[in-house]
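The block underneath contains the structure these notes are about, expressed in structure tokens.
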Amino acid sequence: MKWLALIFSSTLLLACSQKTNEMSKEQKDEYLSLGDSISAHTQSVLLKNVAQQIKKGGVENALEYCHINASSLTDSLARIYSGKIWRLSDKNRNPNNTIQTAIDQKAWKEFSQNNVMSGVVLQDCEEVFYYKPIRLGMPTCLKCHGIEDEDISAKTLSVIKQKYPEDKATGYSLEELRGMWKIKIK
């Protein structure tokens with residue numbers, strides 16, 4: 001019985017590796033365009049909501065909002081696009097946003113070690129994923145993700161520690177790689 005499972009697994013792996021090379025340049029370009037559009041829209045909606053919350057009640061209010069609403073907001077946008085959207089990082093704030101899979105690690109390496117600035121499309125068997133780096137682009141971002149006691153106030157840091165006891169998402173500078181979008185396209 002074990003040999004049957006081994007044959008099935010080997011066949012599946014072989015089939016998977018053969019499918020990985022099937023994407024044409026036209027398909028890849030189409031996926032890049034779609035991924036760019038989805039990630040830009042999602043980031044715009046998140047940033048708009050964060051800015052509104054900062055206006056209403058300061059950075060601490062935005063942290064409270066993100067703690068409660070960021071994941072559900074991203075999920076609702078994913079439903080609009082009939083896909084799945086993640087925000088991933090090696091220094092995550094939300095424990096659900098950690099880099100976990102081999103394909104995620106490959107994309108992260110492109111952005112962090114090879115300094116790729118644009119989106120990339122990667123295929124894992126029949127699944128197609130779009131990844132795009134998230135860089136800290138505005139000084140306001142540093143109020144939650146910058147250097148403690150320099151960019152982040154004591155009050156804000158207290159809220160971060162309360163809402164995210166395992167937080168790793170501070171110590172950044174402007175234009176630094178903060179994370180990446182991952183969008184399941186197919």
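The values are calculated or read from the model by the stated rules, or taken from the named source; none is laboratory data. The model shown is predicted, which means the values in this text are computed figures rather than measured ones. Positions of Cβ are generated from backbone atoms using ideal geometry, with glycine treated the same way; all protein chains shown enter the neighbour counts. Only protein heavy atoms, including side chains, enter the accessible area calculation; ligands, DNA and RNA are left aside. Shrake-Rupley method; radii C 1.70, N 1.55, O 1.52, S 1.80 Å.
Kindly establish whether Asp104 is touching a helix residue (DSSP H, G or I) at 6+ places or on another chain (Cβ under 8 Å), at pLDDT 95 or above and not polar (S, T, N, Q). In short, no. Among the residues here, Ile85 qualifies as modelled with pLDDT of 95 or more, out of contact with any Asp or Glu (no Cβ under 6 Å at 6 or more places or on another chain) and either β-branched (Val, Ile, Thr) or open to solvent by less than 50 Å² (accessible area, probe 1.4 Å) (or both). Taking the numbered list (1) among the β-branched types (Val, Ile, Thr); (2) outside any helix (DSSP H, G or I); (3) modelled with pLDDT of 95 or more in turn, Ile38 passes all entries but (2).
Go through (1) under 18 Å from Ser44 (Cα atoms); (2) at pLDDT below 95 and name the single condition Tyr130 misses. The failed condition is (2). Of the residues making up the stretch 90-102, at least one is within 18 Å of Leu136 (Cβ to Cβ), touching a residue at least 12 places away in the same chain (Cβ under 8 Å), touching a Ser or Thr at 6+ places or on another chain (Cβ under 7 Å) and open to solvent by less than 20 Å² (accessible area, probe 1.4 Å). Note on the stretch 131-169: among residues that are free of Cβ contacts under 8 Å to residues at least 40 places away in the same chain and β-branched (Val, Ile, Thr), the one that is least open to solvent (accessible area, probe 1.4 Å) is Ile152. The number of residues in the stretch 114-129 being in a loop (DSSP other than H, G, I, E, B) and open to solvent by 40 Å² or more (accessible area, probe 1.4 Å) comes to 6. Residues of the stretch 50-80 that are open to solvent by less than 30 Å² (accessible area, probe 1.4 Å), in contact (Cβ under 8 Å) with a residue 24 or more places away in the chain and closer than 18 Å to Met138 by Cβ: Val59, Ala62, Leu63, Ala70.
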